[in-house]
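Each remark here refers to the structure printed beneath this line.
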Amino acid sequence: MNSSLRNKMLGLFIVFFLCFLGTTEPVQSLAAIPNEIRMFTGTAQALSMPVTAQATVDRPGVLHLNGSSVTAKVTPGRPLQLTPQHSGMAKVTLKLFGTIPFKTVQIQVVPGLKVIPGGQTIGVKVKSSGILVVGHHLVSVDSDTKVSPGENAGIQLGDLMTHMNGVPMDDVAKVAKVVEEAGKSKRPLEIKFKRGNKEMSTKLSPAYDLEDKVWRLGLYIRDSAAGVGTLTFYAPDQGVYGALGHVITDMNTQTPISVGSGEILQSSVTSISKSQDGEPGEKRAHFLKESKILGNIERNTHFGIFGKMNQNPEHSLYKEGIPIAFAQQVKEGPAEILTVVDGQQVERFKVNIVHVAKQESPATKGLVIRITDPRLLEKTGGIVQGMSGSPIVQDGKLVGAVTHVFVNDPRSGYGCFIEWMLQDSGVLPQSKSSLKSLKAV
């Protein structure tokens, strides 16, 4: 056998061996060890290994292994005990059989945190940080001609107009006057607007509408939105709340609303339209007369709305904060959601977490839950609109929030991890992987 053929045979053997090795349970278990683990001070955690290994920590002042060791031995029958000592970052290096470096796990230790779960139905009023374009319309400039100056100027649905001729557009009531002045002077408007994260500008000449006798942009616009949702948590030490569990989007353009200002208010559920297969139901609620403002709205992100709140709202089932679970601590099995189905009273309802996604960095749809409580199913048919933000509690810890219903199976739906909501609220520091994601954007 010549050397070339021998090398090919050896190469094929190595590839086959590696493929076989990759399918074995120990190797798959090793690959499943997370790259990053977040822990609270005072809370230990076990890390199991399917084979004998040696673990070494670079900062024993932050983290102890098996009690106090800088180096510890791990066997299939003896998991590695991670014991936080102080806030900070540490690296744990794992070596197979004590000699072969296999993996480095980043450990982030953060101060202990407790928050108060919500469940209250809230009214949401939000004002965008500009004038949102939600459609084009045609202006009759003569008996035979109709035009849309805004569309001709390149303005698209979802664009956020921030300035007209240097005047900040923070109220839709300002638009008519600026447009009329430009039309009468026969000078085009200098419009600055945002399209996503990109700032742009264009010139737009208003058209005189012969039917209504006014100057028009040829655009449908809006600067505010209102709706109903559920409060997820209140962090008393920081005076911060989180709600909804998902971003608020404009109903016409489906683009996220850029918040200029807003507030959440007390709300009361008056009735419920039950969910059916293919047709999600909804909570019908109204803002109470002279509704108490519970807090402001400062941020609208993929994981909900966030702002300041100075006290735990009424009708809370909890008077004190409870621990939260990081994403890697949530497990499949029984849990409960807190929500309102009548009036203002928050109630507990049984659910089952049927799937937990492995997420080391923020992403939506981290949980799949199924409603199992007969009373809630009788009342709502499952998950309904307005229930988004309802806190999910498991083993005495706040683990997530309800976000979406499965249209064809309203007994089931998605949830997000509470970890990501707390990060977006500013209550919990960003994880290292989250910061990398932010830099990449």
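Do any strands (runs of 3 or more DSSP E) entirely within region 210-252 hold 2 or more residues that are open to solvent by less than 30 Å² (accessible area, probe 1.4 Å) and among the polar types (S, T, N, Q), and if so, which?
Working: elements: 214-216, 219-235, 240-243.
Hits in region 210-252: 219-235.
Just name the residue that is most open to solvent (accessible area, probe 1.4 Å) out of those in region 253-276 that are in contact with an Asp or Glu (Cβ under 7 Å, 6 or more places away or on another chain) and farther than 30 Å from Gly196 by Cα.
Ser273
Does Phe326 satisfy the criteria of being under 20 Å from Gly242 (Cα atoms), touching a Ser or Thr at 6+ places or on another chain (Cβ under 6 Å) and open to solvent by less than 10 Å² (accessible area, probe 1.4 Å)?
Working: under 20 Å from Gly242 (Cα atoms): yes; touching a Ser or Thr at 6+ places or on another chain (Cβ under 6 Å): no; open to solvent by less than 10 Å² (accessible area, probe 1.4 Å): yes.
Spelling it out, it is not the case that Phe326 is under 20 Å from Gly242 (Cα atoms), touching a Ser or Thr at 6+ places or on another chain (Cβ under 6 Å) and open to solvent by less than 10 Å² (accessible area, probe 1.4 Å).
Check Gly130 against each of (1) in a strand (DSSP E or B); (2) among the small types (Gly, Ala, Ser); (3) open to solvent by 20 Å² or more (accessible area, probe 1.4 Å) and name the one condition it does not meet.
Condition not satisfied by Gly130: (3).
Please identify the pairs in which a residue from region 336-351 that is farther than 11 Å from His315 by Cβ has its Cβ atom under 7 Å from the Cβ atom of a residue that is assigned to a strand (DSSP E or B) and basic (Lys, Arg), counting only partners at least 6 apart or on another chain.
The qualifying pairs are Glu336/Arg348; Glu336/Lys350; Val351/Arg370.
What are the residues in region 335-362 that are small (Gly, Ala, Ser) and either touching a helix residue (DSSP H, G or I) at 6+ places or on another chain (Cβ under 6 Å) or open to solvent by 40 Å² or more (accessible area, probe 1.4 Å) (or both), if any?
Of the residues in region 335-362, the ones small (Gly, Ala, Ser) are 335, 343, 357, 361.
Ser361, the sole residue that qualifies.
Per-residue answers, yes or no, for (1) closer than 25 Å to Ile418 by Cβ; (2) polar (S, T, N, Q); (3) part of a strand (DSSP E or B); (4) open to solvent by 10 Å² or more (accessible area, probe 1.4 Å):
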position: Thr83; (1), (2), (3), (4): yes, yes, yes, yes
position: His86; (1), (2), (3), (4): yes, no, no, yes
position: Met89; (1), (2), (3), (4): yes, no, yes, yes
position: Pro101; (1), (2), (3), (4): no, no, yes, yes
position: Val105; (1), (2), (3), (4): yes, no, yes, no
position: Val115; (1), (2), (3), (4): yes, no, yes, no
position: Gly119; (1), (2), (3), (4): yes, no, no, no
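Any residue at all in region 300-313 that's under 30 Å from Thr162 (Cβ atoms) and assigned to a loop (DSSP other than H, G, I, E, B)?
Taking region 300-313 as the starting set, the residues that turn out to be under 30 Å from Thr162 (Cβ atoms) are 300-309.
Remaining after also requiring assigned to a loop (DSSP other than H, G, I, E, B): 302-303.
The answer is yes, given that some residue of region 300-313 is under 30 Å from Thr162 (Cβ atoms) and assigned to a loop (DSSP other than H, G, I, E, B).
Of the residues that sit in region 167-193 and are surrounded by fewer than 17 Cβ atoms within 10 Å (Cβ to Cβ) and assigned to a strand (DSSP E or B), which one is nearest to the chain's Cα centre (by Cα)?
Pro168
Any residue in region 263-279 that is under 30 Å from Ser129 (Cα atoms) sitting within a Cβ distance under 7 Å of a residue that is outside any strand (DSSP E or B) and acidic (Asp, Glu)? List the pairs, counting only those 6 or more apart or interchain.
Correct list of pairs: Val269/Asp342.
What tally of residues in region 363-393 results from selecting those that are open to solvent by 60 Å² or more (accessible area, probe 1.4 Å) and of a type outside the set (Ser, Thr, Tyr)? Steps first, answer last, please.
Taking region 363-393 and keeping what is open to solvent by 60 Å² or more (accessible area, probe 1.4 Å), we get 364-365, 370, 372, 374-375, 378-379, 385.
Remaining after also requiring of a type outside the set (Ser, Thr, Tyr): 365, 370, 374-375, 378-379, 385.
Residues meeting the conditions: 7.
Just to be sure I understand the filter: pairs with C-beta atoms under 7 Å, separated by 6 or more residues or on different chains, first member in region 204-215 and more than 15 Å from Thr145 (Cα to Cα), second member among the hydrophobic types (A, V, I, L, M, F, W, C). Which pairs pass?
From region 204-215, the pairs are Leu204/Ala153; Leu204/Leu189; Leu204/Ile191; Leu204/Leu217; Trp215/Val179.
If the Cβ limit is 9 Å and pairs must be 6+ apart or interchain, which residue in region 43-56 that is more than 17 Å from Ile107 (Cα to Cα) and assigned to a strand (DSSP E or B) pairs with which residue that is open to solvent by less than 40 Å² (accessible area, probe 1.4 Å) and among the small types (Gly, Ala, Ser)?
Partner pairs satisfying both residue conditions: Ala53/Gly98.
Please go through region 280-317 and pick out each residue that is crowded, with 21+ Cβ neighbours inside 10 Å and under 12 Å from Ser267 (Cα atoms).
Lys283, Ala285, Leu294, Pro313, listed by residue number.
How many of the residues in region 331-385 are under 18 Å from Lys274 (Cα atoms) and acidic (Asp, Glu)?
Residues that pass the stated criteria total 4.
The values are calculated or read from the model by the stated rules, or taken from the named source; none is laboratory data. Please read these numbers as outputs of a predicted model, since none were measured by experiment. FYI the Cβ positions are ideal-geometry reconstructions off the backbone, even for glycines, and counts take in every protein chain you see. What goes into the accessible areas is simple: the full protein's heavy atoms, side chains included, and nothing from ligands, DNA or RNA. Shrake-Rupley method; radii C 1.70, N 1.55, O 1.52, S 1.80 Å.
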